[in-house]
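Enquirer: Below is the structure I would like to discuss, written out as structure tokens.
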Amino acid sequence: DRVFDIALKLAKIGHPNLMLVHILSEEAEESPINYWPMIGTDIGTNPEMMKEYHQLWEKFEQECLQMLKSKADKAKELGFNTEFTQLRGNPGRELCKLAQKWDADLIIMGRRGHSVFNELLLGSVSNYVIHRAHCSVHIVQD
């Protein structure tokens, strides 16, 4: 929410177009795979368990898409030309590719402040984007 609020404040200055993006990743803390430790093991090949996992993932996708749509509707009500999209994959790579494709002037993104251990193990999406995006990047501490 804080990232969205700051994006709206910055957008008021220049009245740009907004592209709201959410990238689904199995590595994300809120991803259903984190609640499903059997995925990738023999236990995770059980058809009923896999069906339940896919149902959880579909619910996760729909909840995230609804959140995006709600934010896009709010921005539109405030008079901004707004689009939104939801992708699945590596968040840093997907965000950089989309920003390039969309010819973005600025990426505004959140940073969750993961522990040093998690950042060493998983990497930092914000660090990846800062070093690989074709445009400026503004990081908002969540």
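Enquirer: With out of contact with any helix residue (DSSP H, G or I) (no Cβ under 8 Å at 6 or more places or on another chain) and closer than 28 Å to K12 by Cβ as the only criterion, which of K76, K51, K71 stands out? Step through it out loud before you land on a result.
Expert: Values: K51 fails: closer than 28 Å to K12 by Cβ; K71 fails: out of contact with any helix residue (DSSP H, G or I) (no Cβ under 8 Å at 6 or more places or on another chain).
Exactly one of K76, K51, K71 is out of contact with any helix residue (DSSP H, G or I) (no Cβ under 8 Å at 6 or more places or on another chain) and closer than 28 Å to K12 by Cβ, namely K76.
Enquirer: Residue check: is E61 within 20 Å of the chain's Cα centre (by Cα), surrounded by fewer than 16 Cβ atoms within 10 Å (Cβ to Cβ), within 21 Å of P91 (Cα to Cα) and modelled with pLDDT of 70 or more? Even if it seems obvious, please write down each step before you answer.
Expert: On the way: within 20 Å of the chain's Cα centre (by Cα): yes; surrounded by fewer than 16 Cβ atoms within 10 Å (Cβ to Cβ): yes; within 21 Å of P91 (Cα to Cα): yes; modelled with pLDDT of 70 or more: yes.
For E61, the condition - within 20 Å of the chain's Cα centre (by Cα), surrounded by fewer than 16 Cβ atoms within 10 Å (Cβ to Cβ), within 21 Å of P91 (Cα to Cα) and modelled with pLDDT of 70 or more - is met.
Enquirer: Which of the residues that make up region 96-120 are out of contact with any Lys or Arg (no Cβ under 9 Å at 6 or more places or on another chain), buried (at least 19 other Cβ atoms within 10 Å of the Cβ) and either modelled with pLDDT under 85 or assigned to a helix (DSSP H, G or I) (or both)?
Expert: A99
Enquirer: Inside region 11-47, can you point out the residues that are at pLDDT 80 or above and surrounded by fewer than 16 Cβ atoms within 10 Å (Cβ to Cβ)? Outline the logic, then answer.
Expert: Within region 11-47, the first condition is being at pLDDT 80 or above, and the residues that meet it are 17-25.
Across region 11-47, the qualifying residue is only N17.
The values are calculated or read from the model by the stated rules, or taken from the named source; none is laboratory data. Remember, it's a predicted structure, so these values are computed and weren't measured experimentally. Don't worry about glycine lacking a Cβ; one is built from the backbone with ideal geometry, like all the others, and counts go over all protein chains shown.
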